[in-house]
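Below is one structure, written out as C-alpha cells; the observations come after it.
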Amino acid sequence: MAGLTAALCLAERGLQPLVLEGDPAYFGGRLSEKPAAAFAYPENQPAEVFPAEHGIHGFWSQYRNLKGILARHDIRPKFVQANRQEWVHGTEKRVKRAELGRVVRRTWWPAPFHYGALWFRPSFWRMVGWRDWLSIPAVLGSLVVAVGIDPLAEYKKMEGLTLADFCKGWPPAIRAFVASLARSGLSAHPEDVPLSGFIAFLRFYSLLRRDSQGFEYLAGDSGRAVIDPMVDRIRELGGQVRADCRVSHLDRLSGDNGGWVVHLADGSLRTASSVILACDATGTRRIMLDSPDTRELAANFHWPRGMETIVVRLWFAGQPHPKAEAGILSGNFAADNFFWLHRFQDRFQEWHRRTGQSALEAHVYGPPELISEPDKVILEKVTADFGRIYPALKDKVIHRTIQRNSATHTLFAIGTLAEHLGIRTPWPGLFCCGDWVRHPSPALFLERACLTGIEAANAVLLTRGQSPFPLEQHTRPELLSRLVGAYVRMMRSSIRGSR
Ligand SMILES: Cc1cc2nc3c(=O)[nH]c(=O)nc-3n(C[C@H](O)[C@H](O)[C@H](O)COP(=O)(O)OP(=O)(O)OC[C@H]3O[C@@H](n4cnc5c(N)ncnc54)[C@H](O)[C@@H]3O)c2cc1C
C-alpha cells in the first residue's frame with residue numbers, strides 16, 4: 001500500500017516511477033491476493049473456486065487518506081459496512097459471548113467514557129465477575145491517562161513497558177477482553193505488545209471518538225478490489241510496476257547529482273536519482289544493513305518486530321445464525337478473531353445463496369508455541385474452536401485451508417525521535433514509507449502506509465520543485481476527550497515541573 005500509493009502520486013505528476021516488488025507473483029504485500037482455493041462438494045459436483053488473500057482487512061472510518069486517494073483516481077472499491085462484532089470467551093466449562101461493536105459505537109455516552117455503555121448490557125454482565133465491577137475506577141483511571149498521552153506526536157517510547165504492565169491489577173475478565181482486543185488489533189499477546197503501540201492503537205481506533213470504531217469490509221478480495229486497480233492506474237499514468245524484483249542492497253552514487261544504484265537479488269541493477277524504500281520494517285532493515293552507506297547508522301535504528309500470522313478458512317455444510325458477522329476471541333481458543341465471509345464478500349455470498357452453506361476466516365496471531373505447531377494441528381485446533389462456539393456446525397466442515405504469512409506484519413512500537421526512521425532519511429535522495437515509519441499523524445496500519453506513501457512522494461516532488469499533495473486530516477477527538485486530554489497533559493507537566 002505504501003509503495004503503490006507513493007508511485008500513484010508520482011505518476012499523477014508525470015514522474016514515471018518504477019516499482020520493484022520482491023514477491024515473485026503478487027503485488028500488494030499484506031493486502032495482496034493469494035492462490036485461490038478450489039473444491040467440489042458434494043464430490044460429484046463441479047469444483048467451486050474461491051479467491052484468497054493475505055487476510056481479511058477492515059477499512060476504518062478514519063482512513064481518510066486511503067479512501068481519498070482511491071476516490072481521486074476513481075478506483076474506490078465496493079465496501080460493505082461492518083455491523084456487529086462480538087466478544088467470545090471460552091473456558092473449560094462453557095463459551096460466553098457479548099455483542100460489543102455497535103453498543104460502544106452507538107451509545108449516548110460521550111468518548112472517552114463510551115465503554116461505560118457495556119456495564120448496562122445484561123450480555124456483558126455474564127462475561128464479567130464481581131471483581132471486574134470493583135475494578136471500574138482502576139480501569140477508568142488507566143483509560144483517562146491514555147487520553148492525555150499521544151505517543152506518536154510526543155515520540156514517547158515508553159521503554160520496556162508492555163500492555164501486560166498497563167493491565168496489571170486488572171481483574172481477569174477485563175484483562176482477557178483487552179488482551180483479545182490487542183491480539184486482534186496488534187497481532188500479539190499482551191507481554192509482547194509495546195505499551196506505546198497499544199496506546200496509539202486504542203486512541204486511533206476507539207478511545208477518542210465513538211464513531212472511530214466504525215469500519216467497512218471489502219466486497220471483493222483485496223488483491224482484485226484494491227491492488228490490481230492501483231497497479232493498472234500507475235501503468236496508465238506512465239509508471240512501471242514489476243514483480244519478482246527483490247532488492248538486495250543500495251550504493252550511493254558519488255558526484256554532484258547524487259542518486260542511488262539499486263541492486264537486485266538476481267544481480268541486475270537500476271540507477272535512480274531518488275529511491276523510496278517501501279518495504280515492511282524487516283525488509284527495509286535487511287536492505288539498509290546490507291548497503292555500505294547506510295549500514296552503520298541502520299544498526300542503531302529502532303526496527304519494529306515482524307510478526308508471522310496464520311489465516312485459516314473453514315467451509316461448512318449449513319450455516320449458523322449469529323447476529324454478529326465477526327468477533328474477537330479470548331480464553332482457551334487457538335484462534336484470535338474470525339469473520340463470516342458469506343456475510344460480506346460477493347463470491348462467498350453468491351455461493352451461500354445458491355447452496356445454503358457458509359464460510360469463515362479465522363486469524364491466529366500466536367503465541368510462538370502455537371505458530372510453530374504443524375499445519376494439521378493448528379487446523380484441528382481452530383476447527384475445534386468453532387465447533388464449540390457454533391455447536392450446530394460441529395463435524396460440518398466440508399473444506400479447510402491454512403495459510404502462513406511470512407513474518408512481515410508490524411508489531412507497532414514507537415522509537416525516540418532520533419532512532420525512529422521517518423520519511424526523510426539521513427541520506428539525500430533516499431526516502432522511506434510504510435506502516436511502521438515515523439510520522440506524527442495518529443494513523444495506523446493501512447492508513448499509515450498510505451499516508452507515509454503520500455508523504456514520501458511529496459518529499460520527492462519537493463526535490464523537483466513541484467508542490468506536495470495535501471494530507472487529509474483525521475477527525476478531532478470528541479469535546480469531552482479533548483477536555484480530559486488537556487487536563488491530563490496539564491497534570492503531567494505540573495508533575496514534571498515539581499520534580
Ligand atoms: C492478517 C492481517 C490482517 C490485517 N488486517 C488489517 C486491517 O483489518 N486493517 C488494517 O488497516 N490493516 C490490517 N493489517 C495490516 C496491513 O495489512 C498493513 O498495515 C499494510 O498492508 C502495510 O502496508 P505496507 O505497504 O506498509 O507494507 P507491506 O504490505 O508489508 O508491503 C511491503 C512490500 O515490500 C516488499 N518487499 C519487502 N522486501 C523487499 C525487497 N527486498 N525487495 C523488493 N520488495 C520487497 C514486500 O513484498 C511487500 O510487497 C493486517 C495485516 C495482516 C497480516
Number of positions in region 422-449 that are closer than 27 Å to Asn257 by Cβ and more than 13 Å from the ligand (Cβ to nearest atom): 9
Only one of (1) in contact with a strand residue (DSSP E or B) (Cβ under 8 Å, 6 or more places away or on another chain); (2) among the hydrophobic types (A, V, I, L, M, F, W, C); (3) within 15 Å of the ligand (Cβ to nearest atom) fails for Ala459. Which number is that? (3)
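Only one residue in Gly223, Gly258 is in a loop (DSSP other than H, G, I, E, B) and either in contact with a Pro (Cβ under 9 Å, 6 or more places away or on another chain) or among the charged types (D, E, K, R) (or both), so which one is that? Even if it seems obvious, please write down each step before you answer.
Numbers: Gly223 fails: in a loop (DSSP other than H, G, I, E, B).
Only one candidate qualifies: Gly258.
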Using the structure shown, decide if Ile136 is of a type in the set (Val, Ile, Thr) and at pLDDT 90 or above. no
Looking at Arg313, Arg353, which is the one that is in a strand (DSSP E or B) and basic (Lys, Arg)? Arg313
Residue count, region 57-79, condition under 18 Å from the mean Cα position of the chain (by Cα), over 18 Å from Ser32 (Cα atoms) and either surrounded by fewer than 22 Cβ atoms within 10 Å (Cβ to Cβ) or in the same structural domain as Pro442 (by TED's automatic domain parsing) (or both), comes to 2
Scanning region 323-339 for residues that are within 19 Å of Gln213 (Cβ to Cβ) and not small (Gly, Ala, Ser), the one surrounded by the fewest Cβ atoms within 10 Å (Cβ to Cβ) turns out to be Lys323
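Is one or more of the residues making up region 110-121 assigned by TED's automatic domain parsing to the domain that holds Met490, within 19 Å of the chain's Cα centre (by Cα) and crowded, with 18+ Cβ neighbours inside 10 Å? Step through it out loud before you land on a result.
Taking region 110-121 as the starting set, the residues that turn out to be assigned by TED's automatic domain parsing to the domain that holds Met490 are 110-121.
Going one step further and asking which of them are within 19 Å of the chain's Cα centre (by Cα), we end up with none.
So far as region 110-121 goes, no, none of its residues is assigned by TED's automatic domain parsing to the domain that holds Met490, within 19 Å of the chain's Cα centre (by Cα) and crowded, with 18+ Cβ neighbours inside 10 Å.
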Cβ contacts < 6 Å: first residue modelled with pLDDT of 95 or more and β-branched (Val, Ile, Thr), restricted to region 17-45; second residue in a strand (DSSP E or B) and within 16 Å of the ligand (Cβ to nearest atom), any location; separation 6+ or different chain. Result? Val19/Val241
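From Thr410, Thr452, which residue is closer than 24 Å to Arg313 by Cβ, β-branched (Val, Ile, Thr) and within 16 Å of the ligand (Cβ to nearest atom)?
Values: Thr452 fails: closer than 24 Å to Arg313 by Cβ.
Exactly one of Thr410, Thr452 is closer than 24 Å to Arg313 by Cβ, β-branched (Val, Ile, Thr) and within 16 Å of the ligand (Cβ to nearest atom), namely Thr410.
Consider His302 carefully, then state whether it is under 25 Å from the mean Cα position of the chain (by Cα), of a type outside the set (Ser, Thr, Tyr) and away from the ligand (no atom under 14 Å from the Cβ). Walk me through it before giving the result.
On the way: under 25 Å from the mean Cα position of the chain (by Cα): yes; of a type outside the set (Ser, Thr, Tyr): yes; away from the ligand (no atom under 14 Å from the Cβ): yes.
Spelling it out, His302 is indeed under 25 Å from the mean Cα position of the chain (by Cα), of a type outside the set (Ser, Thr, Tyr) and away from the ligand (no atom under 14 Å from the Cβ).
Search region 197-224 for residues being small (Gly, Ala, Ser) and in contact with an Asp or Glu (Cβ under 9 Å, 6 or more places away or on another chain), and hand back the single one that is surrounded by the fewest Cβ atoms within 10 Å (Cβ to Cβ). Even if it seems obvious, please write down each step before you answer.
Of region 197-224, the ones small (Gly, Ala, Ser) are 197, 200, 206, 212, 214, 219-220, 222-223.
Checking the rest, the ones that are also in contact with an Asp or Glu (Cβ under 9 Å, 6 or more places away or on another chain) come to 200, 219-220, 222-223.
Details: Ala200: 26, Ala219: 15, Gly220: 17, Ser222: 27, Gly223: 21.
Looking at the filtered set, the residue picked out is Ala219.
Looking at Thr91, is it polar (S, T, N, Q) and either touching an Asp or Glu at 6+ places or on another chain (Cβ under 7 Å) or farther than 26 Å from Leu181 by Cα (or both)? Talk me through it step by step, then tell me what you get.
Working: polar (S, T, N, Q): yes; either touching an Asp or Glu at 6+ places or on another chain (Cβ under 7 Å) or farther than 26 Å from Leu181 by Cα (or both): no.
So Thr91 does not fit the description; no.
One line per residue, one yes/no per condition, for (1) in the same structural domain as Ala459 (by TED's automatic domain parsing); (2) assigned to a loop (DSSP other than H, G, I, E, B); (3) modelled with pLDDT under 95; (4) within 12 Å of the ligand (Cβ to nearest atom):
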| residue | (1), (2), (3), (4) |
| --- | --- |
| Ser206 | no, no, yes, no |
| Ile234 | yes, no, no, no |
| Gly238 | yes, yes, no, no |
| Val241 | yes, no, no, yes |
| Leu250 | yes, no, no, yes |
| Val262 | yes, no, no, yes |
| Asp266 | yes, yes, no, yes |
| Ile276 | yes, no, no, yes |
| Glu296 | yes, no, no, no |
For region 470-499, name all the residues that are touching a residue at least 24 places away in the same chain (Cβ under 8 Å), under 22 Å from Ala2 (Cα atoms) and either surrounded by fewer than 20 Cβ atoms within 10 Å (Cβ to Cβ) or acidic (Asp, Glu) (or both). Leu471, Glu472, Gln473, Thr475
Restricting to region 442-469, and then to whatever is touching a residue at least 40 places away in the same chain (Cβ under 8 Å) and outside any helix (DSSP H, G or I), can you tell me which residue is surrounded by the fewest Cβ atoms within 10 Å (Cβ to Cβ)? Arg464
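The values are calculated or read from the model by the stated rules, or taken from the named source; none is laboratory data. Computed from a predicted structure; not experimentally measured. FYI the Cβ positions are ideal-geometry reconstructions off the backbone, even for glycines, and counts take in every protein chain you see.
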